[in-house]
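Please treat every number below as a calculation from the coordinates, not as lab data. As the structure is a computational prediction, the values presented were derived from the model and not from experiment. So basically every Cβ, Gly included, is an ideal-geometry build from the backbone, and we count neighbours across all protein chains shown.
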Amino acid sequence: MKALAISLLSILQLSTVLGGMTAREALQVFERQTSKATITQTVAIVGLHGSEQPHRWRFLALDPENENLLREYVLENNTVTGPKSIPRVAGQNLPRTPIFLAAMKLDSTDVYQMADDEAIEAGVSFAKVNYQLRWRGNDPEPTWLATLLSAENAAVGRVYIMAASGTVVHRDFQID
């Protein structure tokens, strides 16, 4: 039984190395390696260039001492580094509202499947996905943005999905 448990753990670790890490898996590591205050001040989660799931996730959190700064943490190879301070610049669309992460019902695997379904329906193929979870404008819940990329990293589509309800609220496959 012990050998089976070790084998399953090894498979999970190998799948993380080969296929990246889901947002929920990344969040669990982030929670273990940072403070509760950081978790409650998280305003965005970003994963870039996932063939399905990214190998690196970025977490943005409010800086409790300076409202004009965000703190960026990077999770890669099961290690969180940071924080790095990011100043707010006029005209930037940086998030300000913390995400209630416990209400996040969709993981990035769900977002990938939904975005893939939308792309198939639109007749668009893609090679990679950029993920972003944050509040957008007056949305009633945090929103996932899945930006679909070609092998050359050109955007070929965007799908916006509510993180709690799973509603696709916008899709755009006319990227210029």
Can you divide the C-alpha Rg of region 20-176 by 2.2 N^0.38 Å and report the result to two decimal places?
1.01
Which residues does the label zone of Gln92 cover in region 24-61, counting backbone N under 19 Å from a point 7 Å along Cα→Cβ?
41-48, 57-61
At 222 nm, what helix-only mean residue ellipticity would the chain give, in deg cm²/dmol to the nearest 500, using -39500 (n - 2.57) for each DSSP H run of four or more?
-8500 deg cm²/dmol
Please state the charge dipole magnitude for the chain, taken about the Cα centre, from unit charges on C-beta atoms (+1 on K and R, -1 on D and E), reported in debye and rounded to the nearest 20.
540
Fully extended, how many nm does the chain gain between Val168 and Thr109 (0.36 nm per residue separation, minus their Cα-Cα distance)?
19.8 nm
Of Ser85, Met104, Val129, which is farthest along the charge dipole of the chain in the positive direction, counting Lys and Arg as +1 and Asp and Glu as -1 at C-beta?
Ser85
Taking the highest mean first, how do the peptides 122-135, 95-108 order by number of other beta carbon atoms within 10 angstrom per residue?
122-135, 95-108
Where Rh is the Kirkwood radius over Cα pairs, Rg/Rh for region 27-99:
0.97
How large is Rg over Rh for region 82-139, taking Rg from the Cα atoms and Rh as the Kirkwood inverse mean of 1/r across Cα pairs?
1.05
